[in-house]
Amino acid sequence: MSSKVTFLFSGQGSQYYQMGRELYMQLPVFKENVDWLDHIFQSKTGFSLVEKLYSQEMSAGDRFDELRYTHPALFVIQYSLAMSLIEDGVRPSRLIGLSLGECVSMVVGGVVSPEDMLDTLIKQSDLLERECSDGGMIAVLKGADFFHSNPETFLDCELAAVNMPQLICVSAKKETLDRTEGKLRADNIVYERLPLRQPFHSVHLEPLRERFIRIFSNIKFKESNTEIVSSMSTTNNDNYNALHMWRVKRNPILFYQTMQGLVPDRDMVYVDVGPSGSLANFVKYSLPNNAYRSIFSIMSPMGRSLSNYEACKNSLNPSMTFKGASKC
(Lines give C-alpha, C1' and ligand atoms only; values in the text may rest on other atoms or scores of the structure.)
Protein backbone atom coordinates (compact mmCIF):
# COMPACT_ATOMS: atom_id res chain seq x y z
CA MET A 1 0.00 0.00 0.00
CA SER A 2 1.19 3.50 -0.83
CA SER A 3 1.94 5.57 2.26
CA LYS A 4 0.78 8.68 0.39
CA VAL A 5 -2.97 8.96 0.00
CA THR A 6 -5.01 12.16 -0.31
CA PHE A 7 -8.72 12.08 0.54
CA LEU A 8 -10.83 14.65 -1.34
CA PHE A 9 -14.13 15.89 0.14
CA SER A 10 -16.71 17.83 -1.87
CA GLY A 11 -19.17 20.54 -0.90
CA GLN A 12 -22.70 21.74 -1.60
CA GLY A 13 -23.96 21.03 -5.09
CA SER A 14 -22.58 17.48 -5.26
CA GLN A 15 -25.46 15.93 -3.32
CA TYR A 16 -28.34 13.82 -4.64
CA TYR A 17 -30.99 11.46 -3.32
CA GLN A 18 -29.78 7.85 -2.82
CA MET A 19 -26.12 8.88 -2.53
CA GLY A 20 -24.22 6.13 -0.74
CA ARG A 21 -27.18 3.73 -0.68
CA GLU A 22 -25.25 0.76 -2.11
CA LEU A 23 -22.50 1.28 0.46
CA TYR A 24 -25.10 1.64 3.20
CA MET A 25 -26.53 -1.74 2.25
CA GLN A 26 -23.20 -3.54 1.87
CA LEU A 27 -20.49 -1.97 4.06
CA PRO A 28 -20.99 -2.53 7.82
CA VAL A 29 -18.66 0.27 8.97
CA PHE A 30 -20.28 2.73 6.57
CA LYS A 31 -23.76 1.81 7.79
CA GLU A 32 -22.74 1.94 11.46
CA ASN A 33 -21.40 5.48 11.11
CA VAL A 34 -24.38 6.69 9.07
CA ASP A 35 -26.82 5.24 11.60
CA TRP A 36 -24.89 6.67 14.55
CA LEU A 37 -24.84 10.17 13.10
CA ASP A 38 -28.44 9.87 11.92
CA HIS A 39 -29.43 9.05 15.51
CA ILE A 40 -27.73 12.28 16.64
CA PHE A 41 -29.43 14.20 13.83
CA GLN A 42 -32.83 12.80 14.81
CA SER A 43 -32.30 13.70 18.46
CA LYS A 44 -31.69 17.34 17.48
CA THR A 45 -34.22 17.78 14.67
CA GLY A 46 -36.88 15.10 14.99
CA PHE A 47 -36.19 13.93 11.42
CA SER A 48 -34.15 11.10 9.89
CA LEU A 49 -31.47 11.70 7.27
CA VAL A 50 -31.58 8.03 6.26
CA GLU A 51 -35.32 8.16 5.62
CA LYS A 52 -34.93 11.39 3.63
CA LEU A 53 -31.91 10.22 1.61
CA TYR A 54 -33.10 6.73 0.82
CA SER A 55 -36.81 7.31 0.33
CA GLN A 56 -38.05 5.00 -2.43
CA GLU A 57 -40.14 7.88 -3.73
CA MET A 58 -37.02 9.84 -4.71
CA SER A 59 -34.41 9.12 -7.38
CA ALA A 60 -30.90 10.45 -7.94
CA GLY A 61 -32.29 12.70 -10.64
CA ASP A 62 -34.71 14.54 -8.35
CA ARG A 63 -33.57 17.94 -7.13
CA PHE A 64 -32.22 17.71 -3.57
CA ASP A 65 -31.71 21.24 -2.28
CA GLU A 66 -33.17 21.51 1.24
CA LEU A 67 -30.15 22.73 3.16
CA ARG A 68 -31.41 21.36 6.50
CA TYR A 69 -30.86 17.90 4.97
CA THR A 70 -28.17 18.40 2.31
CA HIS A 71 -25.62 20.06 4.60
CA PRO A 72 -25.67 17.31 7.27
CA ALA A 73 -26.11 14.54 4.68
CA LEU A 74 -22.98 15.51 2.76
CA PHE A 75 -21.03 15.49 6.00
CA VAL A 76 -22.45 12.17 7.20
CA ILE A 77 -21.98 10.31 3.91
CA GLN A 78 -18.42 11.49 3.29
CA TYR A 79 -17.31 10.98 6.89
CA SER A 80 -18.77 7.46 6.89
CA LEU A 81 -17.01 6.55 3.65
CA ALA A 82 -13.71 7.90 4.97
CA MET A 83 -14.08 5.81 8.13
CA SER A 84 -14.81 2.70 6.05
CA LEU A 85 -11.68 3.23 3.96
CA ILE A 86 -9.55 3.81 7.05
CA GLU A 87 -10.96 0.67 8.67
CA ASP A 88 -9.98 -1.24 5.53
CA GLY A 89 -6.41 0.02 5.74
CA VAL A 90 -6.60 2.96 3.33
CA ARG A 91 -5.21 5.67 5.58
CA PRO A 92 -4.82 9.21 4.26
CA SER A 93 -1.64 11.21 4.67
CA ARG A 94 -3.37 14.36 3.41
CA LEU A 95 -6.93 15.74 3.40
CA ILE A 96 -8.36 18.35 1.02
CA GLY A 97 -11.93 19.63 1.23
CA LEU A 98 -13.95 22.08 -0.86
CA SER A 99 -16.23 24.36 1.16
CA LEU A 100 -18.40 22.01 3.26
CA GLY A 101 -15.89 19.31 2.40
CA GLU A 102 -13.35 21.12 4.55
CA CYS A 103 -15.63 20.48 7.53
CA VAL A 104 -15.36 16.76 6.79
CA SER A 105 -11.58 16.94 6.46
CA MET A 106 -11.35 18.67 9.85
CA VAL A 107 -13.30 15.85 11.52
CA VAL A 108 -11.36 13.07 9.78
CA GLY A 109 -8.18 14.92 10.75
CA GLY A 110 -9.19 15.06 14.43
CA VAL A 111 -9.63 18.85 14.64
CA VAL A 112 -13.33 18.69 15.60
CA SER A 113 -15.41 15.77 16.89
CA PRO A 114 -18.09 14.32 14.56
CA GLU A 115 -20.80 15.19 17.10
CA ASP A 116 -19.73 18.83 17.40
CA MET A 117 -19.42 19.29 13.64
CA LEU A 118 -22.83 17.76 12.96
CA ASP A 119 -24.41 19.96 15.62
CA THR A 120 -22.93 23.13 14.14
CA LEU A 121 -23.91 22.13 10.60
CA ILE A 122 -27.50 21.69 11.75
CA LYS A 123 -27.45 25.15 13.33
CA GLN A 124 -25.80 26.90 10.38
CA SER A 125 -28.19 25.19 7.95
CA ASP A 126 -31.12 26.56 9.91
CA LEU A 127 -29.62 30.06 9.87
CA LEU A 128 -28.87 29.97 6.15
CA GLU A 129 -32.27 28.57 5.19
CA ARG A 130 -34.14 31.15 7.25
CA GLU A 131 -32.22 34.21 6.12
CA CYS A 132 -30.29 33.46 2.92
CA SER A 133 -32.38 31.24 0.67
CA ASP A 134 -32.95 33.49 -2.33
CA GLY A 135 -29.96 32.71 -4.50
CA GLY A 136 -27.70 29.98 -5.75
CA MET A 137 -24.71 29.10 -7.91
CA ILE A 138 -24.03 28.23 -11.54
CA ALA A 139 -21.16 26.05 -12.78
CA VAL A 140 -19.77 27.39 -16.08
CA LEU A 141 -17.48 25.47 -18.42
CA LYS A 142 -15.09 28.39 -18.79
CA GLY A 143 -12.02 29.74 -17.03
CA ALA A 144 -11.70 32.68 -14.66
CA ASP A 145 -10.50 34.90 -17.50
CA PHE A 146 -13.89 34.45 -19.20
CA PHE A 147 -15.63 35.67 -16.07
CA HIS A 148 -13.46 38.78 -15.83
CA SER A 149 -13.68 39.61 -19.53
CA ASN A 150 -17.50 39.34 -19.72
CA PRO A 151 -18.83 41.74 -17.08
CA GLU A 152 -22.20 42.13 -18.79
CA THR A 153 -22.86 38.39 -18.75
CA PHE A 154 -21.91 38.15 -15.08
CA LEU A 155 -23.37 41.45 -13.90
CA ASP A 156 -23.84 41.31 -10.08
CA CYS A 157 -22.36 37.78 -9.93
CA GLU A 158 -19.31 36.84 -7.89
CA LEU A 159 -16.64 34.35 -8.85
CA ALA A 160 -17.28 31.72 -6.17
CA ALA A 161 -14.99 28.92 -7.30
CA VAL A 162 -12.23 28.01 -9.74
CA ASN A 163 -12.31 24.21 -9.84
CA MET A 164 -10.37 23.52 -13.03
CA PRO A 165 -8.68 25.62 -15.71
CA GLN A 166 -11.99 25.60 -17.62
CA LEU A 167 -14.60 25.23 -14.86
CA ILE A 168 -15.75 28.02 -12.59
CA CYS A 169 -18.78 28.66 -10.39
CA VAL A 170 -20.53 31.97 -9.94
CA SER A 171 -22.80 32.97 -7.07
CA ALA A 172 -25.63 35.49 -6.95
CA LYS A 173 -29.23 36.20 -5.99
CA LYS A 174 -31.91 34.25 -7.87
CA GLU A 175 -33.01 37.00 -10.24
CA THR A 176 -29.39 37.68 -11.20
CA LEU A 177 -28.75 33.99 -11.89
CA ASP A 178 -31.87 33.81 -14.05
CA ARG A 179 -30.55 36.67 -16.17
CA THR A 180 -27.06 35.16 -16.32
CA GLU A 181 -28.46 31.82 -17.43
CA GLY A 182 -30.24 33.54 -20.30
CA LYS A 183 -27.05 35.18 -21.50
CA LEU A 184 -25.03 31.96 -21.24
CA ARG A 185 -27.70 30.07 -23.13
CA ALA A 186 -27.83 32.70 -25.86
CA ASP A 187 -24.04 32.49 -26.27
CA ASN A 188 -24.07 28.65 -26.31
CA ILE A 189 -21.93 28.46 -23.19
CA VAL A 190 -22.14 25.15 -21.31
CA TYR A 191 -23.38 25.68 -17.76
CA GLU A 192 -25.33 23.97 -14.99
CA ARG A 193 -27.49 25.46 -12.26
CA LEU A 194 -26.40 23.74 -9.04
CA PRO A 195 -28.99 22.31 -6.60
CA LEU A 196 -28.66 25.20 -4.15
CA ARG A 197 -30.94 27.92 -2.80
CA GLN A 198 -28.15 29.98 -1.21
CA PRO A 199 -25.53 32.25 -2.82
CA PHE A 200 -22.54 30.71 -1.04
CA HIS A 201 -19.10 32.31 -1.22
CA SER A 202 -20.54 35.74 -1.91
CA VAL A 203 -21.17 39.10 -0.27
CA HIS A 204 -24.79 38.08 0.32
CA LEU A 205 -23.65 36.03 3.32
CA GLU A 206 -22.10 39.04 5.07
CA PRO A 207 -25.21 39.97 7.15
CA LEU A 208 -24.91 36.54 8.82
CA ARG A 209 -21.23 36.86 9.70
CA GLU A 210 -21.44 37.45 13.46
CA ARG A 211 -24.22 34.94 14.03
CA PHE A 212 -22.41 32.36 11.93
CA ILE A 213 -19.20 32.83 13.92
CA ARG A 214 -21.10 32.49 17.21
CA ILE A 215 -22.34 29.06 16.14
CA PHE A 216 -18.75 27.82 16.12
CA SER A 217 -17.55 29.86 19.11
CA ASN A 218 -18.00 27.04 21.63
CA ILE A 219 -16.27 24.39 19.57
CA LYS A 220 -13.00 23.03 20.92
CA PHE A 221 -10.57 22.95 18.01
CA LYS A 222 -7.61 20.58 18.32
CA GLU A 223 -4.41 20.15 16.35
CA SER A 224 -4.85 18.00 13.28
CA ASN A 225 -3.38 14.50 13.25
CA THR A 226 -3.17 14.53 9.43
CA GLU A 227 -2.05 17.17 6.96
CA ILE A 228 -5.04 19.29 5.93
CA VAL A 229 -4.89 21.60 2.92
CA SER A 230 -7.49 24.33 2.58
CA SER A 231 -8.87 24.89 -0.91
CA MET A 232 -9.71 28.50 -0.13
CA SER A 233 -6.19 29.61 0.80
CA THR A 234 -3.93 27.31 -1.26
CA THR A 235 -1.91 26.60 1.88
CA ASN A 236 -1.75 24.04 4.65
CA ASN A 237 -3.84 25.14 7.58
CA ASP A 238 -3.23 24.70 11.30
CA ASN A 239 -5.07 27.73 12.70
CA TYR A 240 -8.60 26.48 13.26
CA ASN A 241 -11.17 28.66 14.96
CA ALA A 242 -14.68 30.07 14.47
CA LEU A 243 -13.39 32.76 12.09
CA HIS A 244 -11.80 30.10 9.91
CA MET A 245 -15.16 28.32 9.66
CA TRP A 246 -16.76 31.56 8.47
CA ARG A 247 -14.10 31.96 5.81
CA VAL A 248 -14.75 28.41 4.61
CA LYS A 249 -18.30 29.46 3.78
CA ARG A 250 -17.61 33.04 2.66
CA ASN A 251 -14.33 32.98 0.72
CA PRO A 252 -14.05 31.71 -2.88
CA ILE A 253 -12.98 28.13 -3.53
CA LEU A 254 -9.58 27.98 -5.21
CA PHE A 255 -9.24 24.26 -5.89
CA TYR A 256 -7.29 24.64 -9.12
CA GLN A 257 -4.84 27.06 -7.53
CA THR A 258 -4.57 24.78 -4.51
CA MET A 259 -3.59 21.81 -6.67
CA GLN A 260 -1.09 23.95 -8.58
CA GLY A 261 0.53 24.90 -5.28
CA LEU A 262 1.19 21.31 -4.21
CA VAL A 263 4.61 19.76 -4.70
CA PRO A 264 4.31 17.15 -7.50
CA ASP A 265 4.55 13.64 -6.08
CA ARG A 266 4.60 10.58 -8.34
CA ASP A 267 3.69 8.38 -5.37
CA MET A 268 0.53 10.28 -4.37
CA VAL A 269 -2.83 8.57 -4.77
CA TYR A 270 -5.98 10.70 -4.78
CA VAL A 271 -9.23 9.19 -3.50
CA ASP A 272 -12.42 11.14 -4.21
CA VAL A 273 -14.64 10.57 -1.17
CA GLY A 274 -17.37 12.89 -2.47
CA PRO A 275 -20.73 11.58 -3.70
CA SER A 276 -20.47 12.73 -7.32
CA GLY A 277 -16.94 11.70 -8.30
CA SER A 278 -16.34 15.19 -9.70
CA LEU A 279 -13.21 15.88 -7.65
CA ALA A 280 -11.37 13.06 -9.39
CA ASN A 281 -11.92 14.91 -12.66
CA PHE A 282 -10.86 18.20 -11.07
CA VAL A 283 -7.53 16.62 -10.15
CA LYS A 284 -7.03 15.09 -13.60
CA TYR A 285 -7.50 18.44 -15.29
CA SER A 286 -5.51 20.40 -12.72
CA LEU A 287 -2.33 18.32 -12.49
CA PRO A 288 0.04 16.81 -15.07
CA ASN A 289 0.14 13.01 -15.21
CA ASN A 290 3.56 12.88 -13.59
CA ALA A 291 2.29 14.69 -10.47
CA TYR A 292 0.44 11.68 -9.02
CA ARG A 293 0.32 7.90 -9.16
CA SER A 294 -3.40 7.27 -9.56
CA ILE A 295 -6.88 8.64 -8.87
CA PHE A 296 -9.91 6.78 -7.56
CA SER A 297 -13.54 7.85 -7.38
CA ILE A 298 -16.03 5.71 -5.50
CA MET A 299 -19.54 7.17 -5.40
CA SER A 300 -21.51 8.31 -8.43
CA PRO A 301 -25.16 8.93 -9.32
CA MET A 302 -24.64 6.24 -11.99
CA GLY A 303 -23.99 3.49 -9.41
CA ARG A 304 -21.14 0.95 -9.09
CA SER A 305 -20.11 2.43 -5.74
CA LEU A 306 -19.38 -0.95 -4.14
CA SER A 307 -17.23 -2.22 -7.01
CA ASN A 308 -15.39 1.11 -7.10
CA TYR A 309 -14.82 0.85 -3.36
CA GLU A 310 -13.43 -2.66 -3.70
CA ALA A 311 -11.13 -1.62 -6.55
CA CYS A 312 -9.77 1.27 -4.50
CA LYS A 313 -9.31 -0.81 -1.36
CA ASN A 314 -7.70 -3.75 -3.13
CA SER A 315 -5.32 -1.51 -5.05
CA LEU A 316 -4.17 0.43 -2.00
CA ASN A 317 -4.30 -2.40 0.53
CA PRO A 318 -4.47 -5.76 -1.27
CA SER A 319 -4.08 -7.71 1.98
CA MET A 320 -7.64 -6.75 2.99
CA THR A 321 -10.58 -8.90 1.94
CA PHE A 322 -14.24 -7.99 1.79
CA LYS A 323 -15.81 -8.40 5.22
CA GLY A 324 -19.32 -9.18 4.03
CA ALA A 325 -22.57 -7.32 3.84
CA SER A 326 -24.97 -6.03 6.41
CA LYS A 327 -28.70 -5.83 5.88
CA CYS A 328 -30.60 -2.59 5.98
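Couple of notes before you dig in:
- Scanning the range 80-105 for residues that are over 25 Å from Gln257 (Cα atoms) and in a helix (DSSP H, G or I) yields Ser80, Leu81, Met83, Ser84, Leu85, Ile86, Glu87.
- The combined condition, being more than 18 Å from Leu81 (Cβ to Cβ), modelled with pLDDT under 95 and of a type outside the set (Phe, Trp, Tyr), is not fulfilled by Lys313.
- Considering Val273, Val269, the condition of being among the β-branched types (Val, Ile, Thr) and under 18 Å from the mean Cα position of the chain (by Cα) is satisfied by Val273 alone.
- Beta carbons closer than 6 Å, at least 6 apart along the sequence or on distinct chains, pair a first residue in the range 93-107 that is touching a residue at least 60 places away in the same chain (Cβ under 8 Å) with a second that is among the basic types (Lys, Arg) and in a loop (DSSP other than H, G, I, E, B) for Ser93/Lys4.
- For the range 19-40, the criterion of a residue being modelled with pLDDT under 95 and of a type in the set (Ser, Thr, Tyr) is satisfied by no position.
- Residue within the range 187-204 that is in a helix (DSSP H, G or I) and touching a residue at least 40 places away in the same chain (Cβ under 8 Å) present: yes
- Within the range 132-154, considering residues that are within 16 Å of Ser171 (Cβ to Cβ) and among the charged types (D, E, K, R), the one surrounded by the most Cβ atoms within 10 Å (Cβ to Cβ): Lys142
- Among the helices (runs of 4 or more DSSP H) confined to the range 205-277, the ones with at least 1 residues that are more than 13 Å from Thr6 (Cβ to Cβ) and without any contact (Cβ under 8 Å) to a residue 24 or more places away in the chain are located at 209-215, 242-250.
- Any hit, the range 61-68, residues being closer than 16 Å to Val107 by Cα and surrounded by fewer than 19 Cβ atoms within 10 Å (Cβ to Cβ): no
The values are calculated or read from the model by the stated rules, or taken from the named source; none is laboratory data. Worth saying up front: this structure is predicted, and the values here are computed from it rather than measured. Quick reminder, even Gly has a Cβ in these numbers, built from the backbone with ideal geometry, and neighbours come from all protein chains shown.
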